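Presented below is the structure to which this report refers.
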Amino acid sequence: MSTRTDDQSAAAGGPSGPGLQKGLSQRHLTMIAIGGVIGAGLFVGSGEVIRTTGPGAFLTYALTGVLVILVMRMLGEMATANPGTGSFSDYARSALGNWAGFSTAWLYWYFWVIVVGFEAVAGARIIQLYAPALPLWLISLVLMVLMTVTNLVSVRSFGEFEYWFAGIKVAAIVLFLLLGGLFVLGAWPGASTDFSGLTTGAQGPTGFFPHGVGAVFSSIVVVVFSMVGAEIATIAAAESKDPVKAVARATRSVVVRVAIFFVGSIFLLVCIVPWDSEELRASPYAAALGQMGIPYAPLVMNLVVLTAVLSCLNSGLYTASRMLFVLADRHEAPKALVRLGPSGVPRAAILTSTVVGFLCVVAAAIDPEGVFLFLLNSSGAVILFVYLLIAVSQLVLRRRTDPEWLVVRMWLFPVLTIVAIAAIVAILVAMGFNADTRTQLFLSLGSWAVFLLLFAATAGRRRAARERQR
């Protein structure tokens, strides 16, 4: 009977890691997978993308979506063959060596703890609109504490909160697609079939590519970061009763999610609101709902965005803590971080990630244009490094994996894998030539260099720890 290779089994670290509880149900994982890619970046950031790209912005989302779909397909192939809490960090370790597993896990942890701080501040700013007397740091602290408690209670508690948070986001997008579709097709009261927004701006005809075809491709650099989160499902699946089935389902559904939620909703936005409208800057979906005459649109969308922010904060703490837990279990972080709470959650790793996240909040309050901006920039390109390592790992591991274990297969291997690698490298190169993103790229490369130096500096300690374990 065929079995996994020894290297892969060791990398997986068991189906759920030592001692972690399998408290996530299929419905939790399904909603985590569906809602994982829907964040504040879509609800707020899409307006700026539309303004800098033009009506063809939905093509930018489509192209970026294809890349995310390919990365998820590769990750799904590896995760169904070897499910584990370490997910892609373990696959990078098995394919490329310990340095890759070490740096991937630390980079991903670093990315999410910065995101946690950023999302806490973003959520606080939304609440401040309705409670201006409350200080930003206090609101951020309360949000951090609430999500930390959610993660500490049990993995099921995290899953339940994420289920409802993601459910609200999905419901909001589905409702917008329904109402927006009726409006554009002329089935809305007082509306007529109108797709003129695809070639017309607020001041008159502009064409489909007002900034040139190149703008569609240059905006991919920004859009890719709004789609981060789909890969969380492969980490969370390790704490479910049937991780292989969960990952396979999440991987196969990502195509529909990207096509409908991103491409579909952006297409409707440019049809409803002029692409160069100032209203798109603040809240594009609220602008569209206002155009349709729906009352209290800004309030409704602010509540939806707050939900998206809390969802990202919740899942960010979960993801960061699991990466830190895996690192500690591999003797690549302090051993105390592997300690579990009574409910089987990595309590020490959760609290450590929370503290780092709150330090980011403090930085945002004290020096938003200095320290906090530096932290954001130093993690800006990190997710692209992680995606690149995922793609290279799949290219290597596919040839080592027994076909019997390939529940999910990468399409047209190795052609599409190589295409994805080339696309990610092209985006990174484009970031280097773009003045707005060049700093992010170089600081993120600096972050990677720091973790690689840390790996080299701690090599002796790791060897000694493994010898003692034997």
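Bear in mind these aren't lab numbers, they're just calculated from the coordinates by the rules spelled out. Predicted, not measured: the structure shown is a model, and the values here were computed from it. In this analysis, Cβ positions are derived from the backbone assuming ideal geometry, glycine residues included, and neighbour counts consider all displayed protein chains.
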Simple spin-label estimate for PHE374/VAL450, 7 Å along Cα→Cβ, in nm, reads 0.9
Could I have the simple spin-label model distance between VAL425 and LEU299, label points 7 Å from Cα toward Cβ, reported in nm to one decimal?
-> 5.4
Along principal axes, largest first, the alpha-carbon spread of region 324-470 in whole Å comes out as 51, 48, 33
Within straight-line cross-link reach of LYS335, aspartates and glutamates at Cα separation under 20 Å, skipping those fewer than 8 residues along the same chain = ASP90, GLU467
Sites matching GluC sites (Glu not before Pro) across region 226-287 that sit in DSSP coil, with at most 13 neighbouring C-beta atoms within 10 Å = GLU278
For region 7-166, build the convex hull from the C-alpha positions and give me its volume per residue in Å³.
-> 152
Note down the Stokes-Einstein diffusion coefficient of region 166-242 in µm²/s, whole number, using a Kirkwood radius over alpha carbon pairs, 4 °C, and 1.567 mPa s.
-> 79
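So which trypsin sites (Lys or Arg not before Pro) in region 121-199 are both in a DSSP loop and have at most 15 other Cβ atoms within 10 Å of their Cβ?
Working: sites: ARG125, ARG156, LYS169; in loops: none.
For trypsin sites (Lys or Arg not before Pro) across region 121-199 that sit outside H, G, I, E and B with at most 15 neighbouring Cβ atoms in 10 Å, the list is empty.
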What Kirkwood hydrodynamic radius, in Å, does region 114-266 give when the mean of 1/r is taken over all pairs of distinct Cα atoms and then inverted?
-> 19.5
Longest principal axis of the chain (C-alpha) makes with the long axis of helix 98-128 (C-alpha) an angle, in degrees to the nearest 10, of 40
Which Cα, out of PHE208, ALA320, ALA348, lies furthest along the positive dipole direction of the chain (beta carbon charges, K/R +1, D/E -1)?
-> ALA348
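Calculate, for ALA191 and ARG463, the FRET efficiency according to 1/(1 + (r/R0)^6) with r their C-beta to C-beta distance and R0 45 Å; round to the nearest 0.05.
0.05
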Bounding extents of region 276-400 in its principal axis frame from Cα atoms, largest first in Å, are 57, 41, 35
Jot down the per residue volume, in cubic angstrom and as a whole number, of the convex hull over the alpha-carbon atoms of region 51-96.
-> 97
Within the chain, excluding any chymotrypsin sites (Phe, Trp or Tyr not before Pro) found in a DSSP loop (not H, G, I, E or B) and having at most 15 other Cβ atoms within 10 Å, the longest uninterrupted segment runs 1-129
Cβ charges +1 (Lys, Arg) and -1 (Asp, Glu), total dipole of the chain, debye | 1500
With unit charges on the beta carbon (Lys/Arg positive, Asp/Glu negative), name the residue among LEU376, VAL362, SER393 whose Cα is farthest towards the positive pole of the charge dipole of region 328-401.
-> SER393
Residue-normalised 222 nm signal for the chain, counting each DSSP H run of n ≥ 4 as -39,500 (n - 2.57), nearest 500 deg cm²/dmol, is -22000 deg cm²/dmol
With Cα coordinates, the longest principal axis of the chain makes an angle with the long axis of helix 57-81, in degrees rounded to 10, of 20
May I ask for the percentage of alpha-carbon pairs in the chain that lie more than 32 Å from each other?
-> 38
With no solvent and one equal point scatterer placed on each C-alpha of region 192-330, evaluate the Debye formula and give log10 I(q)/I(0) for q = 0.12, 0.19 Å⁻¹, two decimals.
-> -0.69, -1.25
